[in-house]
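Here the structure is laid out as structure tokens; the discussion comes afterwards.
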Amino acid sequence: MDFVAIDFETANSYRNSACAVGITIVKNGQIEASHAWLIRPPKLYFQFTFIHGITIDDVRHQPTFGDLWPTLLPYLQGQILAAHNVSFDKSVLAATLAYYQLPPLAASWLCTVELSRKAWPDLHNHKLNTVAEYLGVNLNHHEARSDSIAAAQIVLHAGRQSKSITIQDIIAKHDLTRYLMNYPEIS
């Protein structure tokens, strides 16, 4: 079971305002590594500090997304990317790539919100912190690395629950093909 979980934090309501990204790499059903980077967004306008705690001073001397992209691309290219509320993270990546005039990413996307709804339908909601607490996953919510680890753990727990050995098994077991197919960039 190989995939990469990803989480973005944004400075403001503009999708190209990524100010942090976290990734968690899963190989053979095990978390191999996780990384996080602060990012200097195009405009130093911070509206969401109250959510994630990241300030202008934290990112003022950090690389832009365009500068960071050569580091991120090898981790993401051609992978299945898991994200909690994938439409948000996918739109941040797409808007940020477009802003820096970088080509679209070749990857497929899996939404861990939809996966958690299928795997644990009786939870009162399927927010990341709720699912993480239910699964006993430590979470520093809205910290990009921690959120990406939690998203990876959701996929791994769903796999263990259904005795799946590949991400494709999880997708099939939980009838998520239509969700994965909503976000294809590779077949």
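Brief remarks on what is shown
- All helices (runs of 4 or more DSSP H) inside the range 45-146 with 1 or more residues being under 20 Å from Thr24 (Cβ atoms): 49-52, 65-76, 86-99, 112-119, 128-135
- Qualifying residue in the range 23-45 (condition: in contact (Cβ under 8 Å) with a residue 60 or more places away in the chain and among the acidic types (Asp, Glu)): no
- Cβ-Cβ under 7 Å pairs, at least 6 apart or on other chains, the range 133-161 side under 22 Å from Lys90 (Cα atoms), far side acidic (Asp, Glu) and not in a helix (DSSP H, G or I): His142/Glu9; Ala144/Asp7; Ala144/Glu9; Asp147/Asp7; Ser148/Asp7; Ala151/Asp7
- Identity of the residue in the range 38-90, over 27 Å from His126 (Cβ atoms) and aromatic (Phe, Trp, Tyr), that ends up farthest from the chain's Cα centre (by Cα): Tyr45
- Single unsatisfied condition, Ile31 versus (1) surrounded by fewer than 22 Cβ atoms within 10 Å (Cβ to Cβ); (2) in contact with a His (Cβ under 7 Å, 6 or more places away or on another chain); (3) aliphatic (A, V, I, L, M): (2)
- Looking across the range 1-28, the residues that are of a type in the set (Ser, Thr, Tyr) and surrounded by fewer than 18 Cβ atoms within 10 Å (Cβ to Cβ) come down to Ser13, Tyr14.
- Hey, Ile51 touching an Asp or Glu at 6+ places or on another chain (Cβ under 8 Å), touching a residue at least 24 places away in the same chain (Cβ under 8 Å), within 19 Å of Leu128 (Cα to Cα) and surrounded by 15 or more Cβ atoms within 10 Å (Cβ to Cβ) or not: no
Listed here are the residues, each with its yes/no results for (1) small (Gly, Ala, Ser); (2) crowded, with 23+ Cβ neighbours inside 10 Å; (3) under 30 Å from Leu73 (Cβ atoms).
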{"position": "Val113", "(1), (2), (3)": "no, no, yes"}
{"position": "His124", "(1), (2), (3)": "no, no, no"}
{"position": "Ser146", "(1), (2), (3)": "yes, no, yes"}
{"position": "Gly159", "(1), (2), (3)": "yes, no, yes"}
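- Residue match in the range 73-83 (condition: farther than 26 Å from Trp109 by Cα and out of contact with any helix residue (DSSP H, G or I) (no Cβ under 9 Å at 6 or more places or on another chain)): no
No lab work stands behind these numbers, since they all come straight from the coordinates. The shown structure was predicted, so the numbers you read here are calculated from the model rather than taken from an experiment. Backbone-built Cβ (ideal geometry, glycine too); neighbour counts: all protein chains shown.
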